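To start, the structure itself, in structure tokens.
The values are calculated or read from the model by the stated rules, or taken from the named source; none is laboratory data. Given the structure is predicted, the values throughout are model-derived calculations rather than measurements. Positions of Cβ are backbone-derived with ideal geometry, glycine not excepted, and every protein chain shown enters the neighbour counts. In case anyone asks, the SASA skips ligands and DNA or RNA and just uses the protein heavy atoms, side chains included. Shrake-Rupley method; radii C 1.70, N 1.55, O 1.52, S 1.80 Å.
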Amino acid sequence: MAMRQTPLTCSGHTRPVVDLAFSGITPYGYFLISACKDGKPMMRQGDTGDWIGTFLGHKGAVWGATLNTDATKAATAAADFTAKVWDAVSGDEVLTLAHKHIVKTVNFTKDSTCLLTGGNDKLLRLYDLINPEAAPQEIAGHTSAIKKALWCNNDKQILSAADDKTIRLWDRSSMEEVKQLKFDTAVSSMEYLADGEILVITYGKTIGFYNALSLDLIKTVDAPAPINSASLHPDKDFFVAGGEDFKLYKFDYGTKEELESYKGHFGPVHCVRFSPDGELYASGSEDGTLRLWQTAVGKTYGLWKCVLPEELGLENSEQLYTTPPEIKA
């Protein structure tokens, strides 16, 4: 009998959670940052969801948040027309980068020396964090608000998704557009996997997988409901997606078969991401919570503890699981 998925619920936010991101694996584990319309991004221990701290300073909804690879720096994008860079160890604000409109997305280069931003003024900006007083480089081309912007191809290129129903690939050195994809509806999310150069995008009920360098289509999968976010497992054997029907779906990447679905939230799911070790995935929702889900249900990991039947001396498979139905982190 299949074991029941028991998510960890991370409370603390008071408004919808609209973005989340994991750090890489560090000597202290890995970490999770969440962006929320309450204007108070939070950092948590990635494998348990335990709250570490809240970054205080924004005066409006925070639309985007990210950590650098080693979780020493955080960056946030907000409705107060600023992006901020934070010391992720102390929680102190390091930089405030003024923009002309709402900022929606932030992304560090691998070496954390440059920050990419995008938002409602339709421009991509590249800030030199070594010389933050210098004016940012700007890339124009999108005709509507930019929703997501990511470094790719070893930080030599940039991918951006906007409300103009396009995804565009840009060259960092020439600042020119290399290629673009056009869609019939706005792209709701975009994820980039450096390993394999795969781009995961969602639009309508569709999850699309593309080669990030050529923007050639690999495959598409249709979900039962409009999807707001999807994430491909690091081993690329399956992917998860969440959207307007409050559910989380897990699909086989090879066969496209739906493997599982869980009603995990009390509102639409806005963001979902796998952890860097692939052992769990996190979801953020309109209901103001983050939830952590096990990739392999029943495995002992983080706060999840599995007891085997022979250890219990019980026949009842319902008793296999030692965690309570709802764990608050």
Under 22 Å, Cα to Cα: Lys pairs in region 25-123, sequence gap 8 or more or different chains: 25
Choice from 32, 129, 116 showing the highest fluctuation, given a GNM over the chain with Cα pairs closer than 10 Å: 129
Compactness relative to 2.2 N^0.38 Å, alpha carbon Rg of region 258-308: 1.22
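Residues of region 152-197: accessible area per residue at 1.4 Å, in Å²?
Numbers: 2070 Å² over 46 residues.
Accessible area per residue, region 152-197: 45 Å².
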Pairs of lysines in region 165-317 (C-alpha under 20 Å apart; 8 or more residues apart or interchain): 22
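After finding the eigenvalues of the alpha carbon gyration tensor for the chain, what semi-axes result from the square roots of 5 times each, listed largest first in whole Å?
Numbers: eigenvalues 217, 103, 58 Å².
Equivalent ellipsoid of the chain: 33, 23, 17 Å, largest first.
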Net charge of Cβ neighbours under 11 Å - reference residue 33; Lys, Arg +1; Asp, Glu -1: +2
Rounded to whole Å, sorted largest first: equivalent-ellipsoid semi-axes of region 66-130, Cα gyration tensor: 19, 13, 9
Average accessible surface area per residue within region 1-106, 1.4 Å rolling probe, Å²: 40
Accessible carbon and sulfur surface of the chain relative to its total accessible area, %, 1.4 Å: 51
Counted charge near residue 216, where neighbours are those whose Cβ lies closer than 12 Å (Asp, Glu -1; Lys, Arg +1): +1
